[in-house]
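To start, the structure itself, in structure tokens.
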Amino acid sequence: MLYYRDSWAEINLDAIYQNVNHIKQHLPSQTLVMAIVKANGYGHGAVEVAETALEAGATWLGVALLDEALVLRKQGIKAPILVLGWTRPEDIHIASDYSISLTVFQNEWLLEARRLYQGENPVFLHIKCDTGMGRIGVRTKEELADVVKIIQEEPRFILEGAFTHFATADEPDPAFFHEQERSFKDFVDYFNELGVQPNVIHAANSAAALKKEGNLYNMVRYGIAMYGLSPSPAMKEQLPFKLEESFSLYSKLVHVKRIAEGETVGYGATYKAKKETWIGTLPIGYADGWLRRLSGSDVLIDGKRVPIIGRICMDQLMLELDRPYPIGTTVTLIGKDIPIDEIADRLETINYEVPCMINERIPRIYLKNGKKVKEKNPILPE
Ligand SMILES: Cc1ncc(COP(=O)(O)O)c(C=O)c1O
């Protein structure tokens, strides 16, 4: 037993496997899949998701930070990994030592990295083109030419890839998506004019890959849909295959009591019983990521919805029960009949944010073929 509390998340690895397998079947056979496992695999566990995605046919892994890439390498993952964000030039030797590909787009960065890099091994680079996301990337042909020139001049720098990121691929109006597509095609054509041909060219995120809209080049970057979530509410009705949610959240009743009419519950005494009422307490709160704004939302107990009442505390919350349940009764906060999209709506945010916000205080239990295969409690290392 690696954890000593009755709140936990279950990660269904079979769902992740299926979601990857389905996109593989949906795309042309030569299109590679990069599984995006940044942010600890969108809160699911980067290593476990990466291993499952690779088994299901993904061949690349994408992370946001060099640290996240190292987590994968240190767990023995050998697949190519791309850091999608900016890395410090002084850390280039780490990328080289661990064979981690880096995103580049600034000529000053390349000059500085070249100056600082003492190693002899090659460093694999992907040039990011900013076609409208406005985040990172070269914005003009001139900037691209400068960056390519420095890479070409340095034999230890290998131009491995080129990519862009779409800002609106999940939205119904395709106009801006097509503008970005055209702009990226111009960049790709310009690579040819410069006489260089990156091996891997990638643009599509989950939304573009699911819609198969535009040029998929030779790789897609598959994030949210791998976790079984629709890239946007608008896309839910037009998914080419059923996505299976992989993240559930559970807790157990630790206390059940009856309170009289007029008695109050929680900080601020905001809940006042209108009649005699059964109240249950769960050992989960905002310090676990179950935010105070979820007060008033439902959880599922014995197949029935019951509301969270009063203010959610740091480590506990209270429920208004329809009857006295035994202590130890399992309560579903996310799972069958309480999908992540419902929690996202309640928080007026996107589904991406929900599993990411359930932090490391909540142990993760991994299921494969319906059986528990691993437990992880990051706050209590083995
Ligand atoms: C550069 C990049 N590529 C791909 C993805 C994956 O996007 P999605 O989760 O929508 O598939 C992300 C996620 O934000 C990203 O930042």
Give region 222-269 a look and list any residue that's away from the ligand (no atom under 14 Å from the Cβ), within 20 Å of the chain's Cα centre (by Cα) and small (Gly, Ala, Ser), or say none. 248
Within region 201-212, does at least one residue satisfy the condition of being closer than 20 Å to residue 38 by Cα and among the β-branched types (Val, Ile, Thr)? yes
Inspect all residues belonging to region 62-73 and state whether any of them is in contact with a His (Cβ under 9 Å, 6 or more places away or on another chain) and surrounded by fewer than 22 Cβ atoms within 10 Å (Cβ to Cβ). no
Could you list, in sequence order, the residues of region 84-104 that are open to solvent by less than 10 Å² (accessible area, probe 1.4 Å) and touching a His at 6+ places or on another chain (Cβ under 9 Å)? 101, 102, 103, 104
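Conditions (1) under 22 Å from the mean Cα position of the chain (by Cα); (2) open to solvent by less than 70 Å² (accessible area, probe 1.4 Å); (3) of a type in the set (Lys, Arg), marked per residue:
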| position | (1), (2), (3) |
| --- | --- |
| 292 | no, no, yes |
| 295 | no, yes, no |
| 298 | no, yes, no |
| 321 | no, yes, no |
| 343 | yes, yes, no |
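Determine which member of the set 196, 256 is at pLDDT 95 or above, of a type in the set (A, V, I, L, M) and out of contact with any helix residue (DSSP H, G or I) (no Cβ under 9 Å at 6 or more places or on another chain).
Values: 196 fails: out of contact with any helix residue (DSSP H, G or I) (no Cβ under 9 Å at 6 or more places or on another chain).
The conditions single out 256.
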Please go through region 30-45 and pick out each residue that is away from the ligand (no atom under 12 Å from the Cβ) and open to solvent by 10 Å² or more (accessible area, probe 1.4 Å). 30, 32, 40
Hey, does region 77-86 have a residue that's within 14 Å of the ligand (Cβ to nearest atom), part of a helix (DSSP H, G or I), under 30 Å from residue 145 (Cα atoms) and modelled with pLDDT of 95 or more? no
Do you know which of the residues in region 160-183 that are aromatic (Phe, Trp, Tyr) and away from the ligand (no atom under 11 Å from the Cβ) is most open to solvent (accessible area, probe 1.4 Å)? 176
Checking residue 200 against (1) away from the ligand (no atom under 11 Å from the Cβ); (2) touching a Gly at 6+ places or on another chain (Cβ under 8 Å); (3) more than 18 Å from residue 63 (Cα to Cα), the condition it does not meet: (3)
Taking region 108-137 only, how many residues are over 22 Å from the mean Cα position of the chain (by Cα) and either part of a helix (DSSP H, G or I) or charged (D, E, K, R) (or both)? 10
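Given the structure, is residue 130 without any contact (Cβ under 8 Å) to a residue 60 or more places away in the chain and in contact with a strand residue (DSSP E or B) (Cβ under 7 Å, 6 or more places away or on another chain)?
Working: without any contact (Cβ under 8 Å) to a residue 60 or more places away in the chain: yes; in contact with a strand residue (DSSP E or B) (Cβ under 7 Å, 6 or more places away or on another chain): yes.
For residue 130, the condition - without any contact (Cβ under 8 Å) to a residue 60 or more places away in the chain and in contact with a strand residue (DSSP E or B) (Cβ under 7 Å, 6 or more places away or on another chain) - is met.
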Only residues that are farther than 19 Å from residue 230 by Cα and in contact with a helix residue (DSSP H, G or I) (Cβ under 6 Å, 6 or more places away or on another chain): list them for region 41-57, please. 46, 50, 52, 56, 57
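The values are calculated or read from the model by the stated rules, or taken from the named source; none is laboratory data. From a predicted model like this one, the values you see are computed outputs, not experimental measurements. Don't worry about glycine lacking a Cβ; one is built from the backbone with ideal geometry, like all the others, and counts go over all protein chains shown. Areas reflect the complete protein model, heavy atoms only, side chains present, ligands, DNA and RNA absent. Shrake-Rupley method; radii C 1.70, N 1.55, O 1.52, S 1.80 Å.
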